[in-house]
Amino acid sequence: MNSLNEHIAQISSAIDDWLQADNQTLKRAIERTVEEGLFGIEDIKHQIRHLKNSLTEENLIKWTKNTDFSDWPLSSKNIVCLHAGNLPLVGLQDLLAVTLTGANYIGKLSKKDPYLLPTLIEKLDQKNIGGVRKWSTTLSDLTGNRADAVLFAGSEDSVEPVISSLSNFGIANQKTPRLMRTAHFSIAFIEDYSKKTMEDLTEAVFRYGGTGCRSVAIVVAPFSFKSQKCHFTDYIESFWLKNPQHQKPSNSLFYRYATNKALGIEQSWLNDFLIEERLSLHTDKFVLQWIEGDEQTLAEIIQQFRTGLQTVYTQSGEIPKYFGHSEPPETDMLANAQTPDIWWKPDGVDTVEWLFKNVG
């Protein structure tokens, strides 16, 4: 077996080949994804640009420095990955995490994103990277591939049905180690309405139509939404001119707007998105809740919405004075909301570290 550094160099080489402008396989996968209405071209371009900047050999090495690789490689271990389909290439981090450990990748791809990730898998195979890679968009196709661990990203409601299906297909059972990621929104805490702050906030809220777990669904600010309504919507309109929202809300969103109007709640109806100045259990998509408050307000909201919360964004990347009764949540810079480091921790867990602890 090659050394870890050689292994990382091979992975990096495969990624570089994959992201070449003349990679016709990736180009066609992007075209099919757009043609079939799965994702918008601007969101895909955003993701690809970010990956070109972040998936460097240096960053892969930095990721490995964050955990103990003394049990490397996890040869012959099967890691089953059940990917979400809410963002283009959303399963890429899990694929790379498994590949870094040297384990076998068994991927169940979402039918909402079936074309993009296999083009990277193809490059990894061409480079003969350690570990076997199998994938399908149908779980039954993976029958009998017994999992040593399961990585899952999706909604809380789907956890039990997924576990049942894994058992039925002889893939995993209740005793199989599993990392279930179910966070579905993030919070922003801003302290001014400067041009950069509002541009960063707009990107954090409206990229991918707000469907990512890193997407901001609640913003806490020391000023009211009403005071900045026109100012903020100017930034939104400018963003949408370049990045039209791909997904559209159901009619129920308009009913929510009508209810707010009847109750006298300050809001802004943007046809495909609703901004409201109130706080409630965040269940509807395409909604931003704006709360006027301070650090104490932020702490109270974190406690109230801890289940389902991914990250708290601030302008500095540091959480302000925290008044909560539990450990502070993951925090990042607002400007990084939709361009995370490759080693970022979904639900606060480093995937590579978790694999070594539970499989190694």
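The values are calculated or read from the model by the stated rules, or taken from the named source; none is laboratory data. No experiment lies behind these values; they were computed from the predicted model shown. Every residue, glycine among them, receives a Cβ derived from its backbone with ideal geometry; neighbour counts consider all protein chains shown. Heavy atoms of the whole protein, side chains included, go into the accessibility calculation; ligands, DNA and RNA do not. Shrake-Rupley method; radii C 1.70, N 1.55, O 1.52, S 1.80 Å.
Can you say what percent of the DSSP beta bridges in the chain, counting only those with both residues inside, are antiparallel? Round to 5. Mind dumping the intermediate values first?
Values: 3 of 38 bridges.
Percentage antiparallel, nearest 5: 10.
Mean Kyte-Doolittle hydropathy of -1.0 or higher plus an axial Cα length of 18 Å or more: which whole DSSP H helices in the chain meet both?
Correct list, ordered by number: 4-18, 225-242.
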Of 77-90, 107-120, ordering from highest average Cβ density within 10 Å down gives 77-90, 107-120
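Note the full-extension length gain between residue 169 and residue 252 as 0.36 nm times their separation in residues minus their Cα-Cα distance, in nm to one decimal.
Numbers: separation 83, 0.36 × 83 = 29.88 nm, distance 3.69 nm.
Answer, rounded to one decimal: 26.2 nm.
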Which order do peptides 324-330, 243-249 fall in by mean Cβ count within 10 Å, highest first? 243-249, 324-330
Per residue of region 324-336, in order, report the coupling 6.51 cos²θ - 1.76 cosθ + 1.60 (Karplus, θ = phi - 60°) as ³J(HN,Hα) in whole Hz, putting x for Gly and Pro. x, 9, 10, 4, x, x, 4, 10, 8, 6, 4, 5, 9
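When DSSP assigns beta bridges and you keep just the ones with both residues in region 257-349, what percent turn out antiparallel, to the nearest 5?
Working: 3 of 9 bridges.
Antiparallel bridges: around 35 percent, rounded to the nearest 5.
Okay, helix-only estimate at 222 nm for the chain: each DSSP H run of n ≥ 4 adds -39500 (n - 2.57), divide by all residues, round to 500 deg cm²/dmol; what do you get?
Theoretical 222 nm ellipticity from helices: -12000 deg cm²/dmol.
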Return a single number: how many Lys pairs in region 247-360, at a sequence separation of 8 or more or on separate chains, have alpha-carbon atoms below 25 angstrom apart. 6
At 1.4 Å probe size, with the rest of the protein present, what percent of the exposed accessible area of region 185-336 is carbon and sulfur atoms? 50
Can you pull the accessible area of residue 226 for me, 1.4 Å probe, Å² to the nearest 10? 140
With every protein chain left in place and a probe of 1.4 Å, what is the accessible surface of residue 54, to the nearest 10 Å²? 10
Stokes-Einstein D in µm²/s, Kirkwood radius over Cα pairs - region 1-182 at 25 °C with 0.890 mPa s viscosity: 145
Excluding ligands, DNA and RNA, what is the solvent-accessible area per residue of the chain at a probe of 1.4 Å, expressed in Å²? 45
